[in-house]
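The values are calculated or read from the model by the stated rules, or taken from the named source; none is laboratory data. Predicted model only: the values in this text are computed from it and were never measured. Here the Cβ positions follow ideal geometry from the backbone for every residue, glycine too, while neighbour counts run over all protein chains shown. What goes into the accessible areas is simple: the full protein's heavy atoms, side chains included, and nothing from ligands, DNA or RNA. Shrake-Rupley method; radii C 1.70, N 1.55, O 1.52, S 1.80 Å.
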Amino acid sequence: MLRCLRCSGPAVHTDASSISVSNVSFPVNHLGSTKSNERLPTTYEYPSVPLCSANDVQLRFLCPDDLEEVRTLCQDWFPIDYPLSWYVDITSSTRFFALAAIYNFSIIGLIVAEIKSYSKLNKECALFRPQDRGIIPEAMGRDAEIGYILSLGVHRKYRQNGIGSLLLDSLINHLTTAERHKVKAIFLHVLTTNRTAILFYERRGFVLHSFLPYYYSIRGKCKDGFTYVSYINGGHSPWSLYDYLKYWCSQILTAGGLCPWICGRMRTAFRWVCYRTIGRFHLQQDE
């Protein structure tokens, strides 16, 4: 179990080298594009710093002492200015999955997610939009839960070390345990212009669900967004008629003895119809 370094003991050492992201050169965030052109007044880019040892990367949950450090990082990473209350919530409330990657006693990446009941999501989550309906079937949604990734970011200096994948894998592993079997999907919102983040999530199995016109308001300008979804624990998108036909055909083909039995019955019925038709035809000729 992950524990807070500053608040409750040691963290878990994690092998970051076992997970890699090819050609990822961005702070892995889905709330904005790379920040060098939007936030920084100069064109200076941090050089990529390879980790000295994978065992030096630690994962732990955020705690209240992290508030100012996390706030400074997010203001540099993301084009959206979060209110102070948001930082208080993610560093102190247990309803968030707020995990940090630590290197040399500093936070170099973090992921923040929340788990909600799918049936209550539209009423309780201000970030949920009508276009997000239908992420999972209504029948599945009555008892299902769904995960929403609010933020995922990595420090500029430590990109291309697999930290984004490490954090995302930790969330997915957390949600695919037996205790979390009701969580059927993970979704997020991303700017349509953030191609690097979109490619990152697509490589990790996320699929495009919906287009969100004017979803973001960044410095007084409206920006479009996408909803991306990844299905877990047997979850799937709502089925069309084609999906139902494909499913039942596959069930018939893989049903073992059922398929030959049905084919045999159909042949018998066909022969009986042919026999009756031919017999009636001969009877009419005799008359």
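Does Arg180 satisfy the condition of being modelled with pLDDT of 90 or more, under 30 Å from Val154 (Cβ atoms) and open to solvent by 70 Å² or more (accessible area, probe 1.4 Å)? It is true that Arg180 is modelled with pLDDT of 90 or more, under 30 Å from Val154 (Cβ atoms) and open to solvent by 70 Å² or more (accessible area, probe 1.4 Å). Restricting the stretch 138-177 to residues that are under 10 Å from Tyr118 (Cα atoms) and open to solvent by 10 Å² or more (accessible area, probe 1.4 Å) leaves a set whose member that is modelled with the highest pLDDT is Glu145.
For (1) closer than 26 Å to Tyr215 by Cα; (2) of a type outside the set (D, E, K, R); (3) not in a strand (DSSP E or B), each residue gets a yes or a no:
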residue	(1), (2), (3)
Gln160	no, yes, yes
Leu166	no, yes, yes
Asp169	no, no, yes
Asn173	no, yes, yes
Glu179	no, no, yes
Ala185	yes, yes, no
Ile198	yes, yes, yes
Gly205	yes, yes, yes
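Of Ile262, Ile198, all but one fail to be at pLDDT 70 or above, surrounded by 12 or more Cβ atoms within 10 Å (Cβ to Cβ) and either polar (S, T, N, Q) or over 20 Å from Ile135 (Cα atoms) (or both); the exception is Ile262.
For beta carbons closer than 6 Å, sequence separation of 6+ or different chains, a first residue in the stretch 133-149 that is of a type outside the set (Lys, Arg) and a second that is surrounded by fewer than 19 Cβ atoms within 10 Å (Cβ to Cβ) and assigned to a loop (DSSP other than H, G, I, E, B), the qualifying pairs are Gly134/Pro238; Pro137/Pro238; Ala144/Lys182; Glu145/Lys182. When the residues of the stretch 187-196 are filtered to those that are outside any helix (DSSP H, G or I) and of a type in the set (Ser, Thr, Tyr), the one that is farthest from Asp143 (Cα to Cα) is Thr193.
Within the stretch 71-115, the set of residues being open to solvent by 10 Å² or more (accessible area, probe 1.4 Å), outside any strand (DSSP E or B), in contact (Cβ under 8 Å) with a residue 12 or more places away in the chain and of a type in the set (S, T, N, Q) comprises Gln75, Ser92, Asn104.
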